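Report on one structure; see the data block that follows.
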Amino acid sequence: MTSLLEQHQLDHFIEKNPSWIIDNKAIKKEFKFYNFIEAFGFMTKVALLSEKMDHHPDWQNTYNRVKINLTTHDKGGITTNDIKLAESIDKLINT
């Protein structure tokens, strides 16, 4: 069972992953790509990953930018599921 993270856990995540921010009970990041096709390809990879993890992002795409917000709605905030998905998304970029 997933539970809300405590502030020290969130602080630790941000220390390790400073490109993510905490805002309004969610962790957020904006990704920028060369063009729309690269952004859409990234979104496809995230969609497959999130479906496998059964945890889906709130996101927005505008041309070459993808904004991702992760929160666990039924828990009312940030949980380990959000952290795991964020770290997995970052691995898609770094591979």
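Summary of values
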quantity	calculated
Label point at Q9 placed 7 Å out along Cα→Cβ; residues across region 67-95 whose backbone nitrogen lies under 18 Å	70-88
Fraction in percent of alpha-carbon pairs per bin - 5 Å, the chain	3, 13, 26, 25, 19, 10, 4, 1
Neighbour-limited loop hits for chymotrypsin sites (Phe, Trp or Tyr not before Pro), region 1-64 (at most 14 other Cβ within 10 Å; DSSP other than H, G, I, E, B)	Y34, Y63
Region 48-95: Cα Rg divided by the 2.2 N^0.38 Å rule of thumb	1.16
Rounded percent of accessible protein surface that carbon and sulfur make up, the chain, 1.4 Å probe	53
Solvent exposure of region 43-95 as accessible area per residue, Å², 1.4 Å probe	59
C-alpha center-to-center spacing [region 60-95, region 1-40] in angstrom	6
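The values are calculated or read from the model by the stated rules, or taken from the named source; none is laboratory data. Everything numeric here is computed off the predicted structure, so don't read it as measured data. We place every Cβ from the backbone using ideal geometry, glycine too, and count neighbours over all the protein chains shown. What goes into the accessible areas is simple: the full protein's heavy atoms, side chains included, and nothing from ligands, DNA or RNA. Shrake-Rupley method; radii C 1.70, N 1.55, O 1.52, S 1.80 Å.
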